[in-house]
Amino acid sequence: EIDLSVSWLGLSMASPLFNASGVMCRHADELDRLAASCAGAVITKSCTLEPRAGNPEPRYAALPFGSINSMGLPNEGFRYYLDYARRYDYGRGKPLFVSVSGMSADETLTILGELARLDLPCLPEVNLSCPNVPGKPQTGYDFAASAALLDAIVRIYPKTFGVKLPPYFDPVHFDMMADVLRAYPTLGFVTCINSIGNALVVDVERELALIRPKDGLGGLGGSYVLPTALANVREFARRLPDRHVVGCGGVTSGAEAFMHILCGATVVQIGTCLYEEGPGAFERIAAELSALMRSKGYRTLDAFRGRLGTP
Ligand SMILES: O=C1NC(=O)NC(C(=O)O)N1
């Protein structure tokens with residue numbers, strides 16, 4: 001029988017699939033719905049110190065092959081998510097991840113300090129890559145700022161944590177960011193990728209950008225980003241063999257989840273497809289993945305994880 005389970009970072013998951021931060025995870029009822037679905041884990045919307053309404057609408061648009069968004073970190077504030085993490089039923093076997101995206105390094109450190117004090121079984125995913133707060137650069141594209149933040153984080157957060165990375169597009173940048181990340185032994189996982197930032201989609205008939213923030217600039221998600229996501233998964237998995245890579249980007253089917261795992265992903269997050277299809281996507285994609293594995297004679301994910309070859 002096909003076994004889709006994953007054991008990693010002291011966690012065990014019945015399915016390698018869960019939501020990408022930002023999708024169906026801003027409010028407690030959404031998070032509960034994810035926990036009740038076939039998702040193998042749950043991650044919260046990136047939180048900031050104070051609640052945020054986010055950017056003016058329209059700020060999300062579905063596209064023929066994915067999505068564009070400039071939400072601007074709308075969230076209930078970190079205390080809301082820490083409270084959810086306090087009340088969460090870890091016994092049901094679905095890990096909880098808390099995404100953290102302070103509006104400054106200090107905010108991120110304050111949030112992580114509070115999280116450390118609670119000493120809960122949840123793990124932080126520190127978002128280094130939100131492209132949608134006007135005037136706020138993606139930390140992940142500034143290697144010195146990333147190192148400085150990580151230096152400060154490991155001083156106040158003693159446990160295992162992860163980071164959400166933006167996509168990189170040059171081997172030199174894969175090398176430079178991997179060199180930064182390698183220096184932090186408690187960095188247990190890197191999530192590749194966040195949306196491809198600052199894309200522009202045009203409505204020809206109305207001669208308008210599709211979304212309002214930043215005059216139409218927003219993060220690209222969905223099928224458009226799959227090849228870039230796979231490259232980032234494979235390149236970071238190669239460079240950080242003793243850490244886990246969480247694959248994210250362009251997963252709409254079992255075959256695409258298979259691709260991410262073949263490229264080295266331990267587990268896989270689903271964003272745009274979840275937003276458009278709903279939590280039934282987890283069951284469908286898991287069933288498709290199982291069927292594909294069966295057709296190839298693989299019984300477990302370990303049988304093919306990281307085994308992508310070159311012709
Ligand atoms: O990290 C993020 N990535 C995105 O694509 N959008 C959200 C956001 O805008 O809040 N944040």
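The values are calculated or read from the model by the stated rules, or taken from the named source; none is laboratory data. Given the structure is predicted, the values throughout are model-derived calculations rather than measurements. Note that each Cβ is placed from the backbone with ideal geometry, even for glycine, and that neighbours are counted across all protein chains shown. With ligands, DNA and RNA removed, areas are computed over all heavy atoms of the protein, side chains included. Shrake-Rupley method; radii C 1.70, N 1.55, O 1.52, S 1.80 Å.
Which shape class, rounded, prolate or oblate, goes with the chain when its Cα gyration tensor gives a ≥ b ≥ c as root eigenvalues, a/c under 1.5 marks rounded, and past that a/b bigger than b/c marks prolate? Rounded.
Each part gets one Cα centre, and for the range 178-229 versus the range 254-268 those centres are 19 Å apart. Cα centroid separation, the range 128-166 to the range 19-64: 20 Å.
With all protein chains in place and a 1.4 Å probe, the accessible surface of the range 1-123 carries 51 percent carbon and sulfur.
Charge tally for residue 222 (other residues, Cβ to Cβ under 12 Å; Lys, Arg +1; Asp, Glu -1): -3. Heavy atoms of the protein chains alone define the surface here; on that basis the range 257-311 has 46 Å² accessible area per residue at 1.4 Å probe size. Of the solvent-accessible surface of the range 210-311, computed with a 1.4 Å probe over protein heavy atoms with every protein chain present, carbon and sulfur atoms account for 52 percent. Looking at the range 87-145, the accessible area is 40 square angstrom per residue; that uses a 1.4 Å probe and ignores ligands, DNA and RNA. Farthest towards the positive end of the charge dipole of the chain, among the residues 43, 241, 218, is the Cα of 241, using unit charges on the Cβ of Lys, Arg, Asp and Glu. Residues whose amide H falls under 5 Å from that of residue 164, counting only those 5 or more places apart or on a different chain, are 126, 127, 128, 191, with hydrogens built in the peptide plane.
Charge tally around residue 99: other residues with Cβ under 12 Å, Lys/Arg +1 each, Asp/Glu -1 each, net +2. For the chain, give the share of DSSP beta bridges that are antiparallel, in percent and rounded to the nearest 5; count only bridges with both residues there. Beta bridges within the chain, antiparallel portion: roughly 35 percent.
Each peptide in 164-172, 64-72 was scored by the mean count of other Cβ atoms within 10 Å over its residues; highest first, the order is 64-72, 164-172. Residues in the range 290-296 carry Karplus couplings, in order, of 4, 4, 5, 4, 4, 5, 9 Hz; the curve used is 6.51 cos²θ - 1.76 cosθ + 1.60 with θ = phi - 60°, and Gly or Pro positions show x.
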